[in-house]
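Student: One structure is given below, represented as structure tokens, and several questions about it will come after.
The values are calculated or read from the model by the stated rules, or taken from the named source; none is laboratory data. These numbers were taken from a predicted model, which means no experiment stands behind them. Backbone-built Cβ (ideal geometry, glycine too); neighbour counts: all protein chains shown. When the accessible area is computed, the model is the full protein with side chains, heavy atoms only, and any ligands, DNA or RNA have been set aside. Shrake-Rupley method; radii C 1.70, N 1.55, O 1.52, S 1.80 Å.
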Amino acid sequence: MCSVLICSNERNDGTQTDTEGHQKILYYEVALGTDRRFANTQNNVYPFTNVGVNESVTFYNLNLIPEIATYYFTVRAYSTSNSVVDVTSNGFQVTYDGGVSGGSITMGDYINSNTIVGVLWSGFESKLELMLSFVALSNNTDAINKDCKLYVEGGGATEREKALLFNVYSMTNVGKDTYVEITGLTLTQGEKYYAWVIVMDQLGACQMVVHEFTVDISPPDIGRMRAGIHFDMAVSYTQRSDTIGVWWENYKDPQSGIRSYEVSLRKYSSCAEDDDIETVVDWLTLDPDYTEYTFVDLKLQPLTPHHVHLRVSNWAGLSVTETSAPVLYDPSEPTQGRVVDGDNFQDDLLWLGQQHSVKGVILHLADPTGPPCPLRQISVYSDPGWKSLIQKGAYIRNADFVNDITYQVNVKAAGGQGKAVTGIMFWDGPEDGIAVFNYLSEDDWTADLCACCTDQLPDAEVCLCNCTEYLATKEFYDKLREDANIAKTEPRVVNDDNTGVVEVSENPWDVFDPEEHEANNPVNTSIPLAQRSCGIQLYSGKPTWWLHSEC
């Protein structure tokens, strides 16, 4: 079936617009062909047929070729004066029934913006060329099962009807584009919205599809994770050098839900924030039902912190990343301690006065000091950053002493390793050297264990100590204690610009044992104190020597 509409300049009352009256239409002939340029192809599909003065006609039982061939109508008009004129139509193609089919919108079920929506569509099919696309947004589904021709340009719906139906973003012609980004929106968190797309072909047939989505602009709620046996640890330890496990819980997303977990393992040279980081295991994606993961085939080294990174993503594409406390490889076993009966750790009771209860005492490190994770290890001898300046070192700072106050100085080698500090030099003296200072630890309750070595002839079967080494060590430390208790220095002489030379009979400071001495007399500060002295200070890594008087 094929139809043609004929338009003439004749009025409905049969009169002619030509004032001379000699162009009255006598009848029309209509033909259908494949090429309007040649006479033999103007009517090679359907020959010229007299249709009288009818201005429309429909041909039936045609065998037209769809999609490939182009057809033309030719209308030939005869006037009462025997004049003839031919008019041909624009070419047209025919197609099968069905119009536009298929099609879908490609976008997530959740979006992470409340101001921008991107809509992508594809899969629409038609026997003819797809000509136009229309896009809209709404918070309702009232347009479902409605004729899409109502909402395209020139359709039956008014602009007001379309604005009420597509109340977030009205139906808009976007040409032949297959993606559009709609901006300037004000969407509500957690609310559902609908994206609409209409695609129309050359024949005016169309197809409308819709996609539901929810707005989620918040990342997942943070839970907690651990890489050791307990949560909320400042540092965790593992006894295995080849594995590290991580556990997590309470990560949630009430809007879009958890989409995935990702884990990664990083190695740090120390616990400093700006330290070097090495990726041991890159990001691994896990399903949302996972709550733990174990890294295997590792080669952990002692005192080298490892951190587990956990990234939690929701279906809107937002994520949070958490980092575990440092994990240290510790292959050591607990050392044997000591337990005694009674309340006194130094006196292990043999007889107890209670029949139904026993008290015991153990020692433990209740309040450990120092960082939980080791900082960068710097070797005094092998680190390339060190430069040899002198064979001795000094630490200098302002003491900010206040009169009539007793101060205690505690100096020892860090960690019990290396060379211990053996002296302290005060800015104002003494002239002949530095104040001897030796770190003396608290009395060891085990010191009497080698008392047998002081016997004239120790019984080798009873005395299990190495008496030769013990006595040599004891003599060395006894000498240190004797040096530390040397009497105060001789009177000092200083210059006073007003009175000349003044003899000062006492030093303004003293090194003493707080259990044996008391500092009750205020220091005489009426005379400025200055002694011959020198020292070295480090500023920004550069050594600076200072001298007072002569050194």
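Student: Which numbered condition trips up E212, out of (1) in a loop (DSSP other than H, G, I, E, B); (2) over 16 Å from S133 (Cβ atoms); (3) open to solvent by 60 Å² or more (accessible area, probe 1.4 Å)?
Tutor: (1)
Student: Report, ordered by the first and then the second residue, all pairs with beta carbons closer than 8 Å, sequence separation of six or more or different chains, a first member in segment 34-51 that is closer than 9 Å to F73 by Cα and without any contact (Cβ under 8 Å) to a residue 12 or more places away in the chain, and a second member that is open to solvent by 50 Å² or more (accessible area, probe 1.4 Å) and of a type outside the set (K, R).
Tutor: none
Student: Another question, if that's okay. Could you please let me know if P220 is open to solvent by less than 20 Å² (accessible area, probe 1.4 Å) and either over 15 Å from P326 (Cα atoms) or among the hydroxyl-bearing types (S, T, Y) (or both)?
Tutor: The answer is yes for P220.
Student: May I ask you to verify whether N50 is assigned to a loop (DSSP other than H, G, I, E, B) and either of a type outside the set (D, E, K, R) or open to solvent by 50 Å² or more (accessible area, probe 1.4 Å) (or both)?
Tutor: When the stated conditions are applied, N50 does not pass them.
Student: State whether one or more residues within segment 141-156 are among the aliphatic types (A, V, I, L, M), free of Cβ contacts under 8 Å to residues at least 60 places away in the same chain and open to solvent by 20 Å² or more (accessible area, probe 1.4 Å).
Tutor: yes
Student: Regarding segment 170-191, can at least one residue be identified that is among the hydrophobic types (A, V, I, L, M, F, W, C), over 18 Å from G118 (Cβ atoms) and surrounded by 19 or more Cβ atoms within 10 Å (Cβ to Cβ)?
Tutor: The answer is no; no qualifying residue exists.
Student: Within segment 359-372, identify whether any single residue is at pLDDT 90 or above and either on the phi > 0 side of the Ramachandran plot or not in a strand (DSSP E or B) (or both), and answer yes or no.
Tutor: Scanning segment 359-372, I find no residue that is at pLDDT 90 or above and either on the phi > 0 side of the Ramachandran plot or not in a strand (DSSP E or B) (or both), so the answer is no.
Student: Here is a further query. What's the total number of residues in segment 253-295 that are surrounded by 13 or more Cβ atoms within 10 Å (Cβ to Cβ) and either part of a strand (DSSP E or B) or charged (D, E, K, R) (or both)?
Tutor: 18
Student: Ok, one more. Does segment 67-80 contain any residue that is of a type outside the set (V, I, T), in contact with a Phe, Trp or Tyr (Cβ under 6 Å, 6 or more places away or on another chain), farther than 25 Å from G175 by Cα and open to solvent by 70 Å² or more (accessible area, probe 1.4 Å)?
Tutor: For segment 67-80, residues of a type outside the set (V, I, T), in contact with a Phe, Trp or Tyr (Cβ under 6 Å, 6 or more places away or on another chain), farther than 25 Å from G175 by Cα and open to solvent by 70 Å² or more (accessible area, probe 1.4 Å): absent.
Student: Also, I was wondering about something else. Please go through (1) assigned to a loop (DSSP other than H, G, I, E, B); (2) under 23 Å from L203 (Cβ atoms) for S81 and return the number of the only condition it doesn't satisfy.
Tutor: Answer for S81: the failing condition is (2).
Condition check ((1) of a type outside the set (V, I, T); (2) more than 15 Å from I198 (Cβ to Cβ)) across all residues:
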| position | (1), (2) |
| --- | --- |
| G99 | yes, no |
| I105 | no, no |
| G108 | yes, yes |
| I116 | no, yes |
| G123 | yes, no |
| S126 | yes, no |
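Student: Restricting the search to segment 296-346, which residues are within 25 Å of the chain's Cα centre (by Cα), part of a loop (DSSP other than H, G, I, E, B) and surrounded by fewer than 16 Cβ atoms within 10 Å (Cβ to Cβ)?
Tutor: V296, G317, listed by residue number.
Student: If you don't mind, there's one more thing I want to ask. Tell me, please, whether a residue that is in contact with a His (Cβ under 6 Å, 6 or more places away or on another chain), within 17 Å of N139 (Cβ to Cβ), in contact (Cβ under 8 Å) with a residue 60 or more places away in the chain and hydrophobic (A, V, I, L, M, F, W, C) can be found in segment 178-191.
Tutor: No.
Conditions tested, residue by residue: (1) open to solvent by 70 Å² or more (accessible area, probe 1.4 Å); (2) modelled with pLDDT under 95; (3) among the hydroxyl-bearing types (S, T, Y).
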{"position": "Y193", "(1), (2), (3)": "no, no, yes"}
{"position": "W196", "(1), (2), (3)": "no, no, no"}
{"position": "D201", "(1), (2), (3)": "no, yes, no"}
{"position": "Q207", "(1), (2), (3)": "no, yes, no"}
{"position": "H230", "(1), (2), (3)": "yes, yes, no"}
{"position": "V235", "(1), (2), (3)": "no, yes, no"}
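Student: Would you say G154 is within 26 Å of F92 (Cα to Cα), part of a loop (DSSP other than H, G, I, E, B) and out of contact with any Cys (no Cβ under 6 Å at 6 or more places or on another chain)?
Tutor: Details: within 26 Å of F92 (Cα to Cα): yes; part of a loop (DSSP other than H, G, I, E, B): yes; out of contact with any Cys (no Cβ under 6 Å at 6 or more places or on another chain): yes.
Considered against the rule, which asks whether it is within 26 Å of F92 (Cα to Cα), part of a loop (DSSP other than H, G, I, E, B) and out of contact with any Cys (no Cβ under 6 Å at 6 or more places or on another chain), G154 comes out as yes.
Student: Still on this structure: Only one residue in V94, V117, V100, V84 is at negative phi and open to solvent by 70 Å² or more (accessible area, probe 1.4 Å), so which one is that?
Tutor: Numbers: V94 fails: open to solvent by 70 Å² or more (accessible area, probe 1.4 Å); V117 fails: open to solvent by 70 Å² or more (accessible area, probe 1.4 Å); V100 fails: open to solvent by 70 Å² or more (accessible area, probe 1.4 Å).
So the residue among V94, V117, V100, V84 that is at negative phi and open to solvent by 70 Å² or more (accessible area, probe 1.4 Å) is V84.
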